[in-house]
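First comes the structure, then the notes that go with it.
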Amino acid sequence: MANEKENRSVVITGSSKGIGLGLAKVFLAEGCSVALSSFEPEELKATHKALAEAYGKNKVIQYKCDVTNIDEMQILWDTAKTTFGKIDIWINNAGVVSEFLDLWEVDPKEISTIVNTNIVGLLYGVRTAMKGMLDQGFGALYNFYGFGSNDERKPAGLTTYGATKRAVRYITECLIEETKDLPITVGALMPGTVITDFILKVIRSSPKEGHDAMVKGFNIGADTVETVTDFLAKEVLKNTKHGAEINWLTEEKFMARLKDPYYQNRDLFKELNIKL
C-alpha cells in the first residue's frame, strides 16, 4: 500500500493556503506527488518553496491558475501530467466567500466572483479532470461541499456562498450518476467548519448582536486545518467507493460535542492565538 501511495499524484486547486495547503502537506507526507495551484502568485511561490524544501523538489510543483479560466485549468492538468506522468487524484478545492451580509448588501462584483469561482471554476475543474482521466483510463475526482450543501442548512448572511455550495452538491450528485459505468471514482469532501482566513472573514463581519453566539458555535463545531485535512486526505487515499461522501464532522459527532463539557467550554480561538 505504501508503494501505491508513493506513486500517486494529486492536483489541488486553491492550495496556497488553508484547507488546500493542509491537504497538500498530508498527501506529501504520505508519499504522494502534489501540484499546487492558486491565483495569488507570490503566496503560491512561497508555499511551493516551503513544501519543496520539506518534501523534495521532485515531489511538488506549482502553477498559477485562475479556475475561472478554462485554458489555465488545462495548462494545470498538462503541467502536472507532464511532470508526474499521470494524475491519480484531482481535488476541486478553490472557493471564495463574502463577508457576513444580507444578500442585497453584497457588492455585485463580489457576487460574480463567488458564483464564477465556486460554480464555474468547479465545472471547469470537472471538465478538465474528467477529459484527462478518461484519456489516461483512470483517476479519482473530489468536489468540496460546504455550508449550504445540505438541505437543512440555511446560511443567513452567506446566501450567495450557500447557494453555490448547494449547486456543488447537485453537480456532484449528477456527476456521480453520469460516471457510474466509467473507470473514474467521483466523490465529495465535507470538511465541516475549519478555522481559516475564510471563516475569520465571516466571523469578523458578523453583526454584533449575533457575534458571541456565532463564536460559541464555532468553538463547539470548528476544528483546525491540520485536524481536518489529516482525516480527509487519508480517507481519500483509502477510498475505493464511487460516490463516497467523506465527512469529517458528521451529525452524530456534532451532537456528541453538544453534550461534551470539553467542547462546551473550549476556546479554540484562544488556543490558536487568534484575536476576533
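The values are calculated or read from the model by the stated rules, or taken from the named source; none is laboratory data. Fair warning: this is a prediction, and the values are worked out from it, not measured in the lab. All Cβ positions, even for glycine, are placed from backbone atoms using ideal geometry, and neighbour counts span all protein chains on display.
The lone criterion from (1) within 18 Å of THR13 (Cα to Cα); (2) not hydroxyl-bearing (Ser, Thr, Tyr); (3) not in a helix (DSSP H, G or I) left unmet by LYS81 is number (3).
A Cβ distance below 7 Å, combined with a sequence gap of six or more or placement on separate chains, defines the contacts here; from the stretch 199-218, residues that are closer than 21 Å to GLU105 by Cβ reach residues that are of a type in the set (Val, Ile, Thr) and part of a helix (DSSP H, G or I) in the pairs ILE203/VAL215; MET214/ILE203.
Among residues of the stretch 226-254 that are under 14 Å from LEU23 (Cβ atoms), those with a Cβ under 6 angstrom from a residue that is among the basic types (Lys, Arg) and modelled with pLDDT under 95, sequence gap 6+ or separate chain, pair up as LEU237/LYS5. You will find that of LEU134, LEU51, LEU122, the residue that is without any contact (Cβ under 8 Å) to a residue 60 or more places away in the chain, assigned to a helix (DSSP H, G or I) and under 14 Å from GLY14 (Cα atoms) is LEU122 and no other.
Looking only at residues in the stretch 160-177 that are under 15 Å from ASN247 (Cβ atoms) and charged (D, E, K, R), the one that is surrounded by the fewest Cβ atoms within 10 Å (Cβ to Cβ) is GLU173.
Of the residues ASP223, ASP212, ASP197, the single one that is acidic (Asp, Glu) and either at pLDDT 95 or above or crowded, with 18+ Cβ neighbours inside 10 Å (or both) is ASP223.
Within the stretch 96-113, the residues that satisfy the criterion of being under 18 Å from the mean Cα position of the chain (by Cα) and surrounded by fewer than 21 Cβ atoms within 10 Å (Cβ to Cβ) are VAL96, THR113.
Could you list all residues from the stretch 193-212 that are within 15 Å of LEU158 (Cβ to Cβ) and assigned to a loop (DSSP other than H, G, I, E, B)? THR196, SER205, SER206, PRO207, listed by residue number.
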